[in-house]
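Data first, discussion second: the structure below is written as structure tokens.
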Amino acid sequence: MRILVTGATGLVGSALVRQLVAQDATVRILRRPNSPLDALGEAAGAVEHAVGDLTEGYTVRQAMHGITHVYHAAARVDLGGDLRTLRPVNVQGTAHVLNAARQEGVARVVHTSSIAALGRPASHEGLISEDTAWTGGPTRSAYAQTKRESELEVHRSIAEGLDAVIVNPALVFGTGRPDASTHQIVQAVRSERLPGVPPGGTCVVDAEDVAMGMRRAMLHGTTGRRYILGSQNLSWAQIIGTLAEAHGVEAPERVISEGWLRVAGGLAEAWAWLTRATPRFSRTMAHTASRTMRYDTTRARTELECTFRPFSDTAARIAEEESATAVSQIIL
């Protein structure tokens, strides 16, 4: 295999590259000129670097020369973003990757989507699976819409002759990227800045397990099939409580109602409009955080034989690595 990884400097992509390098794989990464390489660690020097941009199709095609297998992990993850800013990367960028892969005769592509691209169950108690029908509407974020559209690009490419598999990671936690949305959650818990917890819940997963699931999808996944990569379905109170325990701090006990969350989202949107910035919170995010979404990971566990560590182990690993980083900074 000669492997190309997009999104290699991100939370999931860097974990994947480190694992591939540890297996002595021949890896090329596609990155932007200003992409930070910190998350890759020593693996940054063990891979070939192709500098380009997903929005520039010719640079993607150049990066694809001589490649046999592709992991497409690049995306703009911005839950408060709009379609105008997200589509060029998440949809058009994906199309560039898939088109170049087909033109260059790549054997297989693993496309990294998200649980945000999945449908919603008919009842609040229902499990969401890979086959749950997509439902749009005003409560679905622009990010979710673009990840769904990127999957449609995958199916279009498959119809044109490309071999591709889709993985749908849950909410990913890990280390190495301070700008990751989940890292911001961790830091808010660690500094005891959270005023309360949302009433809903979601599925969580470790970045290292997502990377392993992607590798197993490359080897064992069925063409055109989705695989949800997730560890546990937890309430936000459980997620935040587990993180707080790992960091040795008190978790907030107050549950913030959806109404107050929507007020906060509206204020954040108004401030973003005044400052011409992307809102850090929104009414759509408030709606999502107030719902309990439960996901069925049976397909990945059985067909790909994936295993996922409990979230308590992930939280402990994050706390341990943060502590080690803090100590090293003091010494230096």
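The values are calculated or read from the model by the stated rules, or taken from the named source; none is laboratory data. All of these numbers come straight from a predicted model, not from anything done at the bench. Glycine gets a Cβ as well: all are built from the backbone with ideal geometry, and neighbour counts include every protein chain shown.
What are the residue pairs meeting all of these: first residue in the range 245-271, first residue of a type in the set (Lys, Arg), second residue surrounded by 13 or more Cβ atoms within 10 Å (Cβ to Cβ), Cβ atoms under 7 Å, and 6 or more apart or on different chains?
Cβ pairs passing all conditions: 254/196; 262/283; 262/286.
The conditions are (1) among the polar types (S, T, N, Q); (2) in contact with a Ser or Thr (Cβ under 7 Å, 6 or more places away or on another chain); (3) surrounded by fewer than 21 Cβ atoms within 10 Å (Cβ to Cβ), and residue 59 fails exactly one of them. Which is it?
(2)
Scan the range 98-115 and report the pairs whose first residue is in contact (Cβ under 8 Å) with a residue 24 or more places away in the chain and whose second residue is outside any helix (DSSP H, G or I) and of a type in the set (Ser, Thr, Tyr), with Cβ atoms within less than 8 Å and a gap of 6+ or a chain change.
Note: pairs meeting the criteria are 106/68; 107/68; 109/71; 110/71; 112/71; 115/202; 115/295.
Cβ-Cβ below 6 Å, separation at least six or inter-chain, first residue in the range 30-56 and in a strand (DSSP E or B), second among the polar types (S, T, N, Q): which pairs?
Final answer for the pair search is 30/6; 31/9.
For the structure I just gave you, tell me whether residue 324 is assigned to a helix (DSSP H, G or I), at pLDDT below 95 and of a type in the set (A, V, I, L, M).
yes
Might you let me know whether the range 35-54 holds any residue that is within 16 Å of the chain's Cα centre (by Cα) and closer than 20 Å to residue 111 by Cα?
There is no residue in the range 35-54 that is within 16 Å of the chain's Cα centre (by Cα) and closer than 20 Å to residue 111 by Cα.
Does residue 83 qualify as being at pLDDT below 95, touching a helix residue (DSSP H, G or I) at 6+ places or on another chain (Cβ under 7 Å) and surrounded by fewer than 16 Cβ atoms within 10 Å (Cβ to Cβ)?
So residue 83 passes the test.
With 229, 194 as the choices, which residue is touching a Pro at 6+ places or on another chain (Cβ under 6 Å), within 29 Å of residue 315 (Cα to Cα) and either of a type in the set (Asp, Glu) or surrounded by fewer than 21 Cβ atoms within 10 Å (Cβ to Cβ) (or both)?
194
Quick check: is even one residue across the range 168-175 farther than 30 Å from residue 102 by Cβ and either without any contact (Cβ under 8 Å) to a residue 60 or more places away in the chain or assigned to a strand (DSSP E or B) (or both)?
Scanning the range 168-175, I find at least one residue that is farther than 30 Å from residue 102 by Cβ and either without any contact (Cβ under 8 Å) to a residue 60 or more places away in the chain or assigned to a strand (DSSP E or B) (or both), so the answer is yes.
Across the range 176-195, what is the total count of residues that are assigned to a loop (DSSP other than H, G, I, E, B) and either at pLDDT 90 or above or among the polar types (S, T, N, Q) (or both)?
Qualifying residue count for the region: 1.
Collect the residues in the range 297-319 that are in contact with a His (Cβ under 9 Å, 6 or more places away or on another chain) and part of a helix (DSSP H, G or I), keeping them in residue-number order.
303, 315, 318, 319
Rundown of residues vs (1) part of a helix (DSSP H, G or I); (2) farther than 24 Å from residue 162 by Cβ; (3) touching a strand residue (DSSP E or B) at 6+ places or on another chain (Cβ under 9 Å), yes/no style:
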| site | (1), (2), (3) |
| --- | --- |
| 89 | yes, no, no |
| 95 | yes, no, no |
| 100 | yes, no, yes |
| 116 | yes, no, yes |
| 120 | no, yes, yes |
| 139 | no, yes, no |
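Among residues belonging to the range 272-284 that are in contact (Cβ under 8 Å) with a residue 12 or more places away in the chain and in a helix (DSSP H, G or I), point out the one that is surrounded by the fewest Cβ atoms within 10 Å (Cβ to Cβ).
272
Can you name the residue in the range 285-306 that is over 18 Å from residue 222 (Cα atoms) and among the hydroxyl-bearing types (Ser, Thr, Tyr) and is also surrounded by the most Cβ atoms within 10 Å (Cβ to Cβ) among such residues?
For the range 285-306, the residue satisfying everything is 295.
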